[in-house]
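Just so it is clear, none of the values below were taken in a lab; they were calculated from the coordinates. Values in this document were obtained by computation on a predicted structure and should not be read as measured data. In this analysis, Cβ positions are derived from the backbone assuming ideal geometry, glycine residues included, and neighbour counts consider all displayed protein chains.
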Amino acid sequence: DAKTTQPNSMESNEEEPVHLPCNHSTISGTDYIHWYRQLPSQGPEYVIHGLTSNVNNRMASLAIAEDRKSSTLILHRATLRDAAVYYCILRVNSGGSNYKLTFGKGTLLTVNP
Amino acid sequence: GAGVSQSPSNKVTEKGKDVELRCDPISGHTALYWYRQRLGQGLEFLIYFQGNSAPDKSGLPSDRFSAERTGESVSTLTIQRTQQEDSAVYLCASSMSGKNIQYFGAGTRLSVL
């Protein structure tokens, strides 16, 4: 399975931007880059995804390197509610319509008031 | 609208007992996934359903684990003769088709004493 590498933890201050990096050097051409986050005592929550172009939505932005071997999730203004574990995942077709997600340990984001 | 619902939210059982965990996916979602999350770890894939069929059971850790889905809706994960190493949070996710965004429930926290 294609793997991703993320820092174990990062810290940010409230209302400042946060850039969460992810390396995925073995990505293949059809793999989508997905980000999920998991708040304490909750199931993961979808954040954003992309293939080649940068993407923006109401939660975040996703910047994808030109060679697609790395990407960065950008939270424009961190709030205390953004404190969570952020997972960078390559969505791979595992046969038929099976798109099971392979989670690593993610990045624990701490937001300081 | 209603999200993915899992019950019970917490289950404490004695070693050797059987347990059943239930997942109610979002209505109309054809794909359903079960994952397991051990303390401090990322999620591990267990099984994937497309409709009522399970084309990928590759993540089930032993033959004590089984799952079924009926009416292209509710799914039940059964663990027989529970062991202490089965203690974890069991998460269910559904999506409209396999490749779409997965929506997760809050999970069932299983503790085997």
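Quick one: of the DSSP bridges fully inside the protein assembly as shown, what percent are antiparallel, nearest 5?
Numbers: 62 of 71 bridges.
Within the protein assembly as shown, antiparallel bridges account for around 85 percent of the total.
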On each of the three principal axes the extent of the alpha-carbon atoms of the protein assembly as shown, given in whole Å and largest first, is 49, 40, 34
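Per residue of A:43-55, count partner chain C-beta atoms within 10 Å of its C-beta, then hand back the mean as an integer.
Values: counts 16, 10, 4, 7, 1, 1, 1, 0, 0, 0, 0, 0, 0.
Other-chain Cβ atoms within 10 Å of each residue's Cβ, averaged: 3.
Mind ordering A:100-107, B:42-49, A:75-82 by average Cβ neighbours within 10 Å, highest first?
Numbers: A:100-107: 20.2, B:42-49: 22.5, A:75-82: 14.1.
Packing proxy ranking, top to bottom: B:42-49, A:100-107, A:75-82.
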Using a Gaussian network model of chain B whose springs link C-alpha atoms within less than 10 Å, name the residue from B:Ser95, B:Ser66, B:Ser53 with the highest mean-square fluctuation.
-> B:Ser53
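Report the Rg/Rh value for chain A, based on alpha-carbon coordinates and the Kirkwood definition of Rh. Kindly include the intermediate steps, with their values, before the conclusion.
Working: Rg = 13.6 Å, Rh = 14.2 Å.
With Rh from the inverse mean 1/r over Cα pairs, Rg/Rh is 0.96.
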Identify the GluC sites (Glu not before Pro) of the range A:1-63 meeting these criteria: DSSP loop state and at most 15 other C-beta atoms within 10 Å of the C-beta.
-> A:Glu14, A:Glu15
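Provide, as a two-decimal number, the C-alpha radius of gyration of the range B:1-91 over 2.2 N^0.38 Å, N being how many residues it has.
Details: Rg = 12.9 Å, N = 91, 2.2 N^0.38 = 12.2 Å.
Dividing the Cα Rg of the range B:1-91 by 2.2 N^0.38 Å gives 1.05.
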Take the alpha carbon atoms of the range B:21-46, find their center, do the same for the range B:88-113, and report the distance between the two centers in whole angstrom.
-> 2
Where Lys and Arg each count +1 and Asp and Glu each count -1, what net charge lies around A:Ser53 among other residues with Cβ under 11 Å from its Cβ?
-> 0
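Once you average over the residues of A:100-107, how many Cβ atoms of partner chains fall within 10 Å of each Cβ?
Working: counts 15, 8, 4, 7, 3, 3, 3, 0.
Taking the mean over all residues of the peptide, I get 5.
Place a +1 charge on the Cβ of each Lys and Arg in the protein assembly as shown and a -1 charge on the Cβ of each Asp and Glu, then give the dipole magnitude about the Cα centre in debye, rounded to the nearest 20.
Numbers: 22 positive and 21 negative charges, 53 e Å.
Dipole magnitude for the protein assembly as shown comes out near 260 debye.
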